[in-house]
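Below is one structure, written out as structure tokens; comments come after it.
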Amino acid sequence: MKVSIIGAGNGGIVAAADLTEKGHEVTLYHSKNALKDPHPNIMEGHVGFKGRLVRFQQYTQDPKLAVADADVIMTCLPTNALLDIFKEISPHLKDGQMIYINGASSMFSILIHNYLKETRPELQVYVGESMSLTYAARYDYMENEAAVILYSHHNLFSAYPAADTKVMLEKLDQLYDCFVPAKNIMEPALNNGNPESHPAPAILNTGFIDNRGDEFYLYKDGVTEHTIKVIEEIDMERQGICRALGLDAVSKAERSVRSKYFRESESLQEQYNTSPILKDLPGPSSLENRYIVEDVTNGLMLWKSIAEAVKVKTPTIDSIIHLTRLMLDEKYFHHPLTLERLGLDAGRDLNAQV
């Protein structure tokens with residue numbers, strides 16, 4: 001299959017190596033507007049992977065070339081950068097192509113869908129997203145070495161609209177074997193583990209981060225016997241939103257065991273502190289980090305917006321949003337993801353709109 005990967009960060013590079021090794025024809029696209037270039041060897045089209053050199057089809061910064069004849073266009077980008085970079089490739093899309101947002105779900109497929117309806121109303125493409133990245137991935141820049149630490153399991157996926165999910169999975173299942181069809185686009189977004197895992201322990205450890213951020217490990221240092229209570233309460237509020245929408249309400253602990261990130265039969269705090277996938281990840285070293293900025297503006301604020309529509313109270317989620325707004329520059333909150341920004345009517349049945 002011809003796959004175009006948009007974004008040459010850690011996730012995109014690992015995906016390029018993995019899918020090439022699986023026999024797919026991979027193009028890796030890196031925006032000219034990106035903050036920095038990848039390793040010179042990546043620009044030459046090769047990366048170390050599983051002890052050998054893997055050569056993907058091509059690396060390019062030409063958006064037209066990037067998506068030409070691609071069956072699947074897969075974005076591996078931070079949510080806050082996704083729309084701007086998508087606008088670079090959108091003029092070159094063709095009917096029948098599939099756009100898969102591979103990352104932490106935030107219903108961003110709706111923004112992409114709406115943008116294409118405005119700018120290219122005759123274009124017929126498919127758009128969808130998964131609950132989380134298909135890998136726990138590592139990339140060593142100095143060595144130009146990519147590694148898969150974990151392939152995701154039970155990764156909820158939905159197209160927008162949900163009627164397209166089956167068609168998209170018929171193709172995406174040829175790339176990955178982890179997908180589980182979701183009821184609709186809200187289900188992966190409400191099961192994205194980042195908004196409940198990252199902002200609260202980071203905000204509550206602001207003093208440590210401000211003074212010794214380079215020494216901070218969120219999952220080992222930030223999740224304690226006290227901060228875990230906030231995470232658990234956010235999780236309870238999230239489950240309440242799920243129940244109000246008629247979606248399965250599965251706890252954080254159960255979801256993370258199911259996805260293989262956590263071990264079974266431990267307390268939630270112990271699961272965070274000892275996770276072989278997460279515990280040794282450093283950071284955040286600053287509050288101006290995606291763990292806080294992205295997971296509040298595109299995570300907790302989206303959950304709050306949905307909660308208000310279905311009449312579910314979220315005092316703990318609200319408090320973390322409030323504290324984050326106090327501590328950070330207001331510029332980060334100019335365009336948060338909300339139902340209004342997504343073009344959904346909070347006064348109507350949300351399930352019927354997606």
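The values are calculated or read from the model by the stated rules, or taken from the named source; none is laboratory data. All of these numbers come straight from a predicted model, not from anything done at the bench. FYI the Cβ positions are ideal-geometry reconstructions off the backbone, even for glycines, and counts take in every protein chain you see.
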Total residues in region 20-30, condition surrounded by 24 or more Cβ atoms within 10 Å (Cβ to Cβ) and either closer than 15 Å to T134 by Cβ or not assigned by TED's automatic domain parsing to the domain that holds Y151 (or both): 1
Going by what's in this entry, would E118 be described as charged (D, E, K, R), in contact with a Pro (Cβ under 9 Å, 6 or more places away or on another chain) and closer than 30 Å to L300 by Cβ? no
Which residue out of E254, E288, E308, E237 is on the phi < 0 side of the Ramachandran plot, more than 22 Å from the chain's Cα centre (by Cα) and not assigned by TED's automatic domain parsing to the domain that holds I110? E308
Would you check which residues across region 303-340 are among the basic types (K, R) and either surrounded by fewer than 15 Cβ atoms within 10 Å (Cβ to Cβ) or more than 19 Å from N194 (Cβ to Cβ) (or both) and list them? K311, K313, K331
Go through E237, E264, E254 for me and flag whichever is crowded, with 18+ Cβ neighbours inside 10 Å and charged (D, E, K, R). E237
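Conditions tested, residue by residue: (1) part of a loop (DSSP other than H, G, I, E, B); (2) touching a strand residue (DSSP E or B) at 6+ places or on another chain (Cβ under 7 Å); (3) of a type in the set (A, V, I, L, M, F, W, C).
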site	(1), (2), (3)
V3	no, yes, yes
G11	no, yes, no
A16	no, yes, yes
L19	no, yes, yes
L35	yes, no, yes
N41	no, yes, no
V54	no, yes, yes
Y59	no, yes, no
Looking at (1) without any contact (Cβ under 8 Å) to a residue 40 or more places away in the chain; (2) closer than 20 Å to F157 by Cα; (3) among the acidic types (D, E), which is the only condition D295 fails? (1)
Could you identify the single residue in S132, S105 that is under 21 Å from E170 (Cα atoms), within 13 Å of the chain's Cα centre (by Cα) and modelled with pLDDT of 95 or more? S132
Quick check: is even one residue across region 199-220 among the polar types (S, T, N, Q) and surrounded by 22 or more Cβ atoms within 10 Å (Cβ to Cβ)? no
Within region 103-117, work out how many residues are touching a Phe, Trp or Tyr at 6+ places or on another chain (Cβ under 8 Å) and either assigned by TED's automatic domain parsing to the domain that holds K304 or of a type in the set (A, V, I, L, M, F, W, C) (or both). 3
What do you reckon, is S259 touching a His at 6+ places or on another chain (Cβ under 8 Å), of a type in the set (S, T, N, Q) and crowded, with 18+ Cβ neighbours inside 10 Å? yes
Would you tally the residues in region 157-183 being crowded, with 23+ Cβ neighbours inside 10 Å and assigned to a loop (DSSP other than H, G, I, E, B)? 2
Matching residues in region 63-78 - criterion: being over 14 Å from I99 (Cβ atoms), outside any helix (DSSP H, G or I) and in contact with a helix residue (DSSP H, G or I) (Cβ under 9 Å, 6 or more places away or on another chain): A68, P78
For D62, indicate whether it is modelled with pLDDT of 95 or more, of a type in the set (D, E, K, R) and within 25 Å of F157 (Cβ to Cβ). no
Does P276 satisfy the criteria of being under 19 Å from the mean Cα position of the chain (by Cα) and more than 21 Å from V180 (Cα to Cα)? no
Residue within region 328-349 that is closer than 18 Å to A202 by Cα and of a type in the set (A, V, I, L, M) present: yes
Enumeration of residues in region 225-243 that are outside any helix (DSSP H, G or I) and among the acidic types (D, E): E225
